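The values are calculated or read from the model by the stated rules, or taken from the named source; none is laboratory data. Every value quoted in this text rests on a predicted model; they were computed, and no experiment measured them. Quick reminder, even Gly has a Cβ in these numbers, built from the backbone with ideal geometry, and neighbours come from all protein chains shown. For the accessible areas, the whole protein counts, side chains as well, though only heavy atoms, and no ligand, DNA or RNA atoms are used. Shrake-Rupley method; radii C 1.70, N 1.55, O 1.52, S 1.80 Å.
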Amino acid sequence: MSGLGAAFSRLTPYNNSGGPGRWRYEVCKESVPFRGPQCKGAKPLANSDMADKDVLVDIFTRADLIMQSDIKFRQMIGAGQLQIVYYPVRGQEVVSSAMMAAVNKEDYLVTIYRGLHDQLAKGIPSKDLWAEFAGKMAGTCKGKGGPMHITHPETGVMVTTGIVGSGIPIANGLALASQLDKDGKVTVCCFGDGATNIGAFHEGLNMAQIWKLPVIFLCQNNLYSEHTPMAFATSSDSIKQRGEGLGMRSVQVNGNDASAMYAAAKEAVEYARAGHGPTLIEAMTFRFHGHLLGDTSHYIPKEEMEQAKKDDPMPVLRQQLLDLQVSESDIAAIEAKNAAIIEEASQFALDAPYPPGDEYRIDVLDVEIAA
Amino acid sequence: MSDTAEKPKEIMFAQACNMALAKAMADDPKVILMGEDIADEQGGGVFKVTLGLSERFGTDRVRSTPISEQAIVGAAVGSAMVGYKPVAEIMLMNFITVAMDQIVNHAAKLRFMSGGQTTVPLTIRTTTGAGTGLGGQHSDMLEAWLAHVPGLKVVAASNPADAYGLLYSSIMDPNPVIFIENTPGYFVKGPAPAPDHVVPLGKASVPREGTDITLIGYGSSISRCHGAADNLAKDGISCEIVDLRTIAPFDEETVLKSVAKTRAAVVVHEAVRNFGVGAEISSRIHEELFSELKAPVGRVGSGYAPVPFSPAIEKAWMFNQDDVEREVHKILG
Ligand SMILES: Cc1ncc(C[n+]2csc(CCOP(=O)(O)OP(=O)(O)O)c2C)c(N)n1
C-alpha cells in the first residue's frame, strides 16, 4: 500500500466518498469553469482570441466526421456487422482536428491504435479507411494492416502502430529526412499519456531535441492508459514537465478547446518549420468510452465521466460556430454531408471483397515469397 | 603466383566494411550513417569501421548519436520510409535487444502492413562474437532471432572481400537488412576486392568443392570449416564447403545442390546450437533429400549457456574445429 499511498498523495479526492476509485488527478482540480478535463494555467479563451471563423468551420467539419464515424463504427460492431478490434475516439475529436487543420497534406503523421480521429483529421478518404478497418482489399493497406496499422502516404499518414510509444523514434526519422532534404515538412506524432512511460518516449524526445528535428509530439492526455489513471503510473505531475526535463519547448493546452488547441498547434508548426526544433504539446482531453470497445470504463469514477460528458467538446464547438454567425443550416449541411460520406464509406466497406488468401505472399520482401 | 608483387593486396575485414560504406555514400547521397561514436570527432566508431567518413561526407550524413538504440533504429526506419538509405550501427549485437521493437515490429513489418505503400530500405550493422573475453552481454550471436522474422534479411560475411560486396548490396537492397560483423574477425586479413566487387544477397558461395560431405556455415564458422576440411582431407575425406553469406532468406538451391551431390551434411555455427539456424537448414535438407542421405544431417554449435567470461570456460563452451571434425566422422561412420 505504501507505493499506492505515495502515488495517491499527489491526488485530491474527487469527492468525499473516498476509495482509490474516487480520486481524480490534481492537474484537473483547478479546472473549475472549464469544459472537459482541465489543465493548470489554461483559461477559457476570450472571444477575441477565438480562431478565425473559417478555421473553426474547418475544424468542426473534421471533428464532426470523426464523431459520426466513431458512432457508426460502434453501432456496426455492436450489431455484429463488423468484427474488428476498435478503440473509440469519442471525446478526442477536437484535439486532432485542430492539430491537423494547422498542418498541410504533405506533412507527416505517425499515430497509434486509437488513431481514427487522427487519420480522418489528416484527410484519409473515408472509403479507403473504412475498407481497411474492415480488412478489405480496397482498403488503404489491402486489408493487411487493419485498424491498428493504417498507412496512407498520399495524405502523409506514414505509420500507425499498436505498440505504445514506438512511433516516437520513427517520427524522428521522418523529420530527419525533412531536415536533410530541407523540404519544409513537419512530422506530427500522436500518442497518449501512458506512452510517456515507455523508454522510446525519453530516447525519442532527447534525440529530437539535440538534433532540432521538425517534429511535434502531440500527447493526447485523456488521463487513462487502458484501465490505469495517469497518477497511478506517471511520476510527474504533467507530461509537459517531462518535455521540459528533456530541454524541449513544451506546452499544455486544453485540447478540447478548438481555438486554444489550434493556436498551440500553429505555434508548434511555425516553430518547427523555422528550424527551431520540436515541441511537446500536452493536450488535455478525455475519452467517453472504454479503452477498447466492450470495456465498460468501470475504472473511471462516475462523476468524472459525467462531468466530462457534460463538457463534451462537440456541442461546445458547434455553439461557437453559431456564436460566430455560422447559420444553423450551414452547420446542418456540413453534418449531412459527413453523414452521407460515412453512409457511403461504411456500405462500401461491407460490400467490398476480401483480399485473396495468398496476398500474404506479397510485400513481405520486395519479391513475392514462395508459398 | 610466386612473385610477391603479383600477390593480391590484403585488407582487414574492418577496412573492407569501411570501404563499402564509403563507396555506398559516394554512389548515393541518400546513404546516411547513424550510431554511437561513429563520427570522426568521437573516434570513428569503437572499432574504427567508420573512420574518416564524417570527414569526407560531413556530420549531417555521418551522425554520432546518444546511447539510444531504439531511437537510432527508429530514426533509421523513419528516414528509410521517405527515401533515405540509412545505415544504423548498433555497437554490439547484444544491444539489439534494446531495439528489438523497432526492428521486429516496425522495420520488418511496415512494408507488409502498409500493403506495399511504404518500404524500409535500412541496414543495421552490428558486431559480435565470442573469444574476446567480454562475457555474457557482449558476444552473443542472435541471428536466429532475426532470421525468424519475416521481412528481414540477415547477412554475415566470412572474409573481407565478401564483407565489402555484401555490405554494399545490403545498403542498396530495398529491404531491411541486418549485417552481422564478427568482432574478433575484424582484424583478420584477406584478399582485397576490386572496387566494383558486389556480392548479391541471397546467394551462397562454394569456396571449396568436395565429394563426401558438405559443411554449411557462415561468418566466423567458415574459417573453422576450412581448417576441418584440411585435416579431414588427410584422412581421405573430401569436404565441400557452402558459405551461406545471406542467412535469411538462405540460398536453398545451392545448399540442396551440394548435399544432393555429397549426400551428407553438417551445419556449423557459433551461435548456441539449440533452436539455431542449423535446425532450420538441417530440417529443410531432410525434407527434400531424406531418402538420399547417408546419415541424418549433423549440427555443430556452441553450448547451451550464456557466453562465459573465463577463457577456459569460454573455449569449452564455443564450438571449434575439432567439434566439426568429430561430427563429420560420426556421420560418415
Ligand atoms: C509496448 C506496449 N505495451 C502495452 C500495450 C497494451 N496497451 C495498449 S493501449 C495501452 C494503454 C496506452 O495508454 P495511452 O498511451 O495513455 O493511450 P490512450 O489509449 O489513452 O490513447 C496499453 C497498455 C501495448 N500496445 N504496447
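Observations
- Of the residues making up the range B:124-142, just one is open to solvent by less than 10 Å² (accessible area, probe 1.4 Å), in a loop (DSSP other than H, G, I, E, B) and of a type in the set (A, V, I, L, M, F, W, C), namely B:Ala130.
- Scanning the range A:98-111 for any residue that is assigned to a loop (DSSP other than H, G, I, E, B), open to solvent by less than 30 Å² (accessible area, probe 1.4 Å) and within 16 Å of the ligand (Cβ to nearest atom) turns up nothing.
- Any hit, the range A:361-368, residues being open to solvent by less than 40 Å² (accessible area, probe 1.4 Å), within 14 Å of chain B (Cβ to nearest Cβ) and in contact with a Ser or Thr (Cβ under 9 Å, 6 or more places away or on another chain): yes
- Residues being in a strand (DSSP E or B) and more than 13 Å from chain A (Cβ to nearest Cβ) - total across the range B:143-160: 2
- Assessment of the range B:186-201 against the conditions (within 14 Å of chain A (Cβ to nearest Cβ) and open to solvent by 20 Å² or more (accessible area, probe 1.4 Å)) yields at least one matching residue.
- Subset tally (residues that are within 14 Å of the ligand (Cβ to nearest atom) and either within 14 Å of chain B (Cβ to nearest Cβ) or closer than 17 Å to A:Val188 by Cβ (or both)) for the range A:212-223: 5
- Residue count, the range A:195-208 (criterion: in a helix (DSSP H, G or I) and open to solvent by 10 Å² or more (accessible area, probe 1.4 Å)): 5
- The one condition from (1) within 21 Å of A:Gly255 (Cα to Cα); (2) in a loop (DSSP other than H, G, I, E, B); (3) open to solvent by 10 Å² or more (accessible area, probe 1.4 Å) that A:Gly91 does not meet is (3).
- Scanning the range B:44-56 for residues being open to solvent by 20 Å² or more (accessible area, probe 1.4 Å) and on the phi > 0 side of the Ramachandran plot gives a total of 2.
- Qualifying residue in the range B:218-225 (condition: within 14 Å of chain A (Cβ to nearest Cβ), touching a residue at least 12 places away in the same chain (Cβ under 8 Å), open to solvent by 10 Å² or more (accessible area, probe 1.4 Å) and assigned to a loop (DSSP other than H, G, I, E, B)): no
- Tally of residues being touching a residue at least 60 places away in the same chain (Cβ under 8 Å), assigned to a loop (DSSP other than H, G, I, E, B) and open to solvent by 10 Å² or more (accessible area, probe 1.4 Å) across the range B:255-275: 1
- Given (1) over 16 Å from B:Gln70 (Cβ atoms); (2) within 11 Å of another protein chain (Cβ to nearest Cβ); (3) open to solvent by 10 Å² or more (accessible area, probe 1.4 Å); (4) not charged (D, E, K, R), index of the condition A:Pro125 fails: (2)
- Residues of the range B:88-121 that are under 22 Å from A:Tyr360 (Cα atoms) and of a type in the set (A, V, I, L, M, F, W, C): B:Ile103, B:Val104, B:Ala107, B:Ala108, B:Leu110, B:Phe112, B:Met113, B:Val120.
- Looking across the range A:130-158, the residues that are in a helix (DSSP H, G or I), closer than 24 Å to A:His291 by Cα and either within 16 Å of the ligand (Cβ to nearest atom) or within 13 Å of chain B (Cβ to nearest Cβ) (or both) come down to A:Ala131, A:Glu132.
- Out of A:Ile84, A:Ile71, sole residue that is free of Cβ contacts under 8 Å to residues at least 60 places away in the same chain and open to solvent by 10 Å² or more (accessible area, probe 1.4 Å): A:Ile71
- The listed residues are A:Glu306, A:Glu244, A:Glu226, and the only one of them that is charged (D, E, K, R) and within 16 Å of the ligand (Cβ to nearest atom) turns out to be A:Glu226.
- Selection of the range A:159-187 for residues being within 16 Å of the ligand (Cβ to nearest atom) and not in a loop (DSSP other than H, G, I, E, B) yields A:Val159, A:Thr160, A:Thr161, A:Gly167, A:Ile168, A:Pro169, A:Ile170, A:Ala171.
- Exactly one residue out of B:Val149, B:Val154 is open to solvent by less than 10 Å² (accessible area, probe 1.4 Å) and modelled with pLDDT of 95 or more: that is B:Val154.
Here is a yes/no grid of residues against (1) in contact with a helix residue (DSSP H, G or I) (Cβ under 6 Å, 6 or more places away or on another chain); (2) open to solvent by 50 Å² or more (accessible area, probe 1.4 Å); (3) within 24 Å of B:Gln102 (Cβ to Cβ); (4) facing chain A (nearest Cβ under 10 Å):
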| position | (1), (2), (3), (4) |
| --- | --- |
| B:Met25 | yes, no, yes, no |
| B:Leu33 | no, no, yes, no |
| B:Glu36 | no, no, yes, no |
| B:Gly58 | no, no, no, no |
| B:Arg61 | no, no, yes, yes |
| B:Thr65 | yes, no, yes, yes |
